[in-house]
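The values are calculated or read from the model by the stated rules, or taken from the named source; none is laboratory data. Predicted, not measured: the structure shown is a model, and the values here were computed from it. Because the Cβ atoms are built from the backbone with ideal geometry, glycine has one as well, and the counts that use them run over all protein chains shown.
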Amino acid sequence: MVRNTLVLLTGLILSVLSPVVLASSQVTPWKSYLFVVMTLSVIAAWVLSSRNKKAESFMGKFLLGGLYFWIFTFAQLMVLSLLYYLNK
């Protein structure tokens, strides 16, 4: 199950961030950055919520995963906005 999930996520990332898109002379679209942020947040939230021993029920793990997802998403967006500001 985990292996299939990783293969699916890898395929999605490679299809969105293909070498043709990354090799272009244009600036990388902002949607690509958001897709990477969302993917990393989902993976981090899934790992952290599944390893938490205090959340025993499915609903507890689901809510904790949602909390972790938004924390990681906003943290990554703050870092990206800081990098954007410093590169201006």
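The table below gives the values:
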item: Helices (runs of 4 or more DSSP H) lying entirely in the chain (those with 3 or more residues that are modelled with pLDDT under 80 and of a type outside the set (A, V, I, L, M, F, W, C)); result: 2-16, 30-51
item: Pair list, Cβ under 6 Å, 6 or more apart: region 41-57 residue hydrophobic (A, V, I, L, M, F, W, C), other residue crowded, with 16+ Cβ neighbours inside 10 Å; result: Ala44/Phe72; Ala45/Gly65; Ala45/Tyr68; Ala45/Phe69; Leu48/Tyr68; Ala55/Lys61; Ala55/Leu64
